[in-house]
Structures are given as C-alpha cells and as structure tokens.
Amino acid sequence: MLLRNKNAVIYGAGGSLGGAVAAAQADARVFLTGHRLASVQQTADRIKAAG
C-alpha cells in the first residue's frame, strides 16, 4: 500500500472522516487535528472501531 508505515495528518478531522478512515485502513499512522476536541475524539473513535 502507498500509505503503509507513513504518517497521515488529517486537518479538520472533526468534520469529514472518510479520508482519515481510509488512511488508517491503509496502515498509515494517523494524526488528527481540529478545532473541537469532542468532534476529533469522535473521529478517532470511529477509526479505532473500523480497525
């Protein structure tokens, strides 16, 4: 995979999470940023649940 063992920084992770989930499923280390911690935490939880 193109993202295996790479870092993926997802800006605005509290909004759309499609790219963050895709990066995580491609074995990238995902770093999330956003304005609202609660929203970013929800995205992190969804990524973890997706595997």
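The numbers here are math on the coordinates, done by the rules we state, and not lab data. Keep in mind it's a predicted model, so treat the numbers as computed, not measured. Note that we place each Cβ from the backbone using ideal geometry, even for glycine, and neighbour counts take in every protein chain shown.
Structural remarks
- For Ala8, the residues 5 or more places off, or on other chains, whose built amide H falls under 5 Å of its own are Arg29, Val30, Phe31.
- Charge tally for Asn5 (other residues, Cβ to Cβ under 14 Å; Lys, Arg +1; Asp, Glu -1): +2.
- Going by neighbour counts of Cβ atoms within 10 Å, the residues Thr43, Thr33 line up, fewest first, as Thr33, Thr43.
- FRET efficiency, 1/(1 + (r/R0)^6) with R0 22 Å, evaluated for Val9 and Asp45 via beta carbons: 0.75
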